[in-house]
Amino acid sequence: MKVGVIGLGRVGAACALSLVVRGSAREVVLVDRTRARAKAVATDLRYGAPLCPEVALRDGDYSDLDGADVVMITAGINEKSGGATDRSDREGRLKLLDTNVGVFKDIVPKVVTAAPTAVLLVVTDPPDPLADLVRRLAGHDRVLSTGTLIDTLRLRVHLAERLEVSPTSVEALVVGEHGTSEVMLWSSARASGVPIAEALQDGSSFDDFRKSVERDVRYANITIIEGNGASQFGIGIVSARIAEAVLRDERPILPIGAYNTKYGVTLSLPSVVGREGVSRILEPAMSDEERQALDRGADVLRQVVQRISQKP
């Protein structure tokens with residue numbers, strides 16, 4: 001079981017760390033445009049690796065991705081350096097798209113040549129339209145984006161914190177775009193089967209509760225960046241978990257991004273994840289308001305994908 005990580009900035013390094021600590025793969029290859037950076041990250045991790053599950057970890061070039069089962073692409077400009085940290089800007093992560101399209105057009109053909117059978121996991125923001133680009137460049141459907149799995153976990157954590165319960169007892173989903181148009185499915189959110197509105201304590205206002213949670217979830221990345229310069233560790237763990245589902249052909253249902261023929265674009269819905277990527281997409285029950293919001297988000301994504309597809 002072999003995984004490649006392309007791009008060893010803060011997110012790529014966090015992905016590598018998570019792969020090693022979790023024992024996600026038997027072999028991990030780190031590739032960066034600056035070979036010295038990849039070598040430094042690999043060396044640093046190797047010093048702690050004896051305390052983790054056995055892994056063969058090394059830096060390399062694209063040719064060293066030969067035989068990889070999963071390749072994570074984390075290269076490109078990030079939110080802080082790309083100016084995507086304004087809460088009032090509805091474009092959000094999509095501001096990074098044009099720059100990162102150029103990066104991906106250089107990287108993806110090299111990855112596909114070296115690892116033609118790998119599942120490609122797009123981690124770089126904005127992951128959904130970039131996954132559509134990768135799908136076109138790679139010429140196959142084994143392309144995923146990390147999508148709204150991280151957003152779903154953020155929602156569960158914030159709900160659990162306010163309800164004073166464990167996040168594992170919270171059932172809640174975020175679907176659509178990993179971005180400002182993401183949709184939180186309040187109609188199906190539960191705490192051990194109890195609707196969230198009924199689980200509130202002390203007669204709290206559900207509307208105020210909902211607005212507060214949505215604000216914290218929707219702008220969680222910006223809050224983290226303001227304090228630490230990058231949102232990296234959560235997405236690193238999420239990326240490792242997706243890789244595990246593919247490598248072990250586990251077939252869990254995860255809210256991650258995959259091309260959806262119904263919507264004509266990559267977006268997140270609960271998806272069965274295994275060796276070939278996503279084999280089945282499920283569409284959960286939604287309120288009319290939630291479905292309309294999902295349709296609007298899909299339309300935004302279709303427009304940006306159409307725009308980048310017209311560029312040479």
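The values are calculated or read from the model by the stated rules, or taken from the named source; none is laboratory data. Computed from a predicted structure; not experimentally measured. FYI the Cβ positions are ideal-geometry reconstructions off the backbone, even for glycines, and counts take in every protein chain you see.
Observations on the model:
- Candidate set: the stretch 150-165, residues that are crowded, with 20+ Cβ neighbours inside 10 Å and of a type in the set (Val, Ile, Thr); chosen: the one nearest to Glu214 (Cα to Cα): Thr152
- The residues of the stretch 225-242 that are among the aliphatic types (A, V, I, L, M) and in contact with a Leu (Cβ under 7 Å, 6 or more places away or on another chain), listed by number, are Val238, Ala240, Ile242.
- Scanning the stretch 100-146 for residues that are within 21 Å of Asp61 (Cβ to Cβ), of a type in the set (S, T, N, Q) and under 16 Å from the mean Cα position of the chain (by Cα) gives a single hit, Thr124.
- Residue match in the stretch 72-83 (condition: among the charged types (D, E, K, R), in contact (Cβ under 8 Å) with a residue 60 or more places away in the chain and either outside any loop (DSSP other than H, G, I, E, B) or out of contact with any strand residue (DSSP E or B) (no Cβ under 6 Å at 6 or more places or on another chain) (or both)): yes
- Residues that are under 19 Å from Val143 (Cβ atoms) and assigned to a helix (DSSP H, G or I) within the stretch 264-306 comprise Ala298, Leu301, Arg302, Val304, Val305, Gln306, listed in sequence order.
- Scanning the stretch 31-54 for residues that are touching a Gly at 6+ places or on another chain (Cβ under 7 Å) and buried (at least 16 other Cβ atoms within 10 Å of the Cβ) yields a total of 2.
- Sole exception among (1) within 20 Å of the chain's Cα centre (by Cα); (2) at pLDDT 95 or above for Lys80, by number: (2)
- Scanning the stretch 130-162 for residues that are closer than 17 Å to Val119 by Cα and not small (Gly, Ala, Ser) yields a count of 13.
- Subset of the stretch 216-229 that is more than 16 Å from Pro126 (Cβ to Cβ) and touching a residue at least 12 places away in the same chain (Cβ under 8 Å) - its residue that is surrounded by the most Cβ atoms within 10 Å (Cβ to Cβ): Val217
- Test: residue in the stretch 240-247 that is closer than 30 Å to Met1 by Cβ and part of a loop (DSSP other than H, G, I, E, B): no
- Each residue in the stretch 62-95 was checked for being over 13 Å from Val29 (Cα atoms) and not β-branched (Val, Ile, Thr), and 19 of them qualify.
- Tally, over the stretch 60-74, of residues that are under 20 Å from the mean Cα position of the chain (by Cα) and either crowded, with 23+ Cβ neighbours inside 10 Å or β-branched (Val, Ile, Thr) (or both): 6
- Listed by position, the helices (runs of 4 or more DSSP H) enclosed by the stretch 106-212 that each have at least 3 residues that are in contact (Cβ under 8 Å) with a residue 60 or more places away in the chain are 127-138, 149-163.
- Residue match in the stretch 212-226 (condition: more than 30 Å from Gly76 (Cβ to Cβ), over 19 Å from the mean Cα position of the chain (by Cα) and among the hydrophobic types (A, V, I, L, M, F, W, C)): no
- Matching option when the condition is closer than 20 Å to Ala16 by Cα and either surrounded by 17 or more Cβ atoms within 10 Å (Cβ to Cβ) or touching a Ser or Thr at 6+ places or on another chain (Cβ under 9 Å) (or both), among Gly82, Gly147: Gly147
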